[in-house]
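Report on the structure given below.
The values are calculated or read from the model by the stated rules, or taken from the named source; none is laboratory data. None of the values given here were measured: they were computed from a predicted structure. Each accessible area value is taken on the protein alone, full model and side chains, heavy atoms only, with ligands, DNA and RNA left out. Shrake-Rupley method; radii C 1.70, N 1.55, O 1.52, S 1.80 Å.
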Amino acid sequence: MTLYNLKAVKSPRLCGRLLDLLSRIIGLPIIGRWIVELIKRRNHVDEMVRFATSSHPPLLPLYYPIHEMTAEEGAMHRRMAEECPLDLQELTSVEHSKGARQQEFRHWTILDYTSRYMNGTTTPSQVADRIIDAINNMNDKNKNLSVVTQMNVDQLRSQAADSTKRYRDGNTMGVLDGVPILVKDEIPLVGFIVTRGTSFISDTAESDIFPILKLKQQGVLVVGKTCTRSASER
């Protein structure tokens, strides 16, 4: 199976005087426009722009040449998603290996959270409070190097309280209910701004992108936004 089928980029790679000369030529009324159109045509820019601005943009990452999913392929993926066994009771019945338990430090998995929520060892509200304290302590120690750049404490505690009630009532939203997540700065997330790692960009997200929407439908706890490099793009 071919994973990549990339076409060679034919754009000029210039610097210094040659770049200055090209910029001047491109500024000419007729020949400049012809050169720009030639570069765009050779690199299929029009096709990429058309695809990126379509009414149903795909999820990232994108590979070129672009493959637009057929109706049959779409139906196959939907069927695979529906048949995937995402049952919370089944998930929490899985046990960790002894080696994992004996590790002095390890990242918490989905099972670490949900199994404790199910047996009442802890609650999403307690986890949210611990996370808030940890982030505040981290940010106090690293004023200019904060990993978590945005956090809505009231919203997080409200989400955690709702999740705690769902576990108490036995009515969870999905296998990720109560699991905390952080979202990269450049990803649109309702209730948070997109700065792209700058101090001069402040875009308000009007809607969640599809992956975030699906995570919220599973009941995750949205902790906040993490830092990113300057002027980054998703």
*On the full set of protein chains, 1.4 Å probe, figure out the accessible area of VAL148 and give it in Å² to the nearest 10.*
10 Å²
*Considering amide H positions built from the backbone, and no H for Pro or chain starts, which residues 5 or more places from THR198, or on another chain, come under 5 Å of its amide H?*
ALA231
*Multiply the residue separation of ALA71 and CYS15 by 0.36 nm, subtract the distance between their alpha-carbon atoms, and state the gained length in nm to one decimal.*
15.5 nm
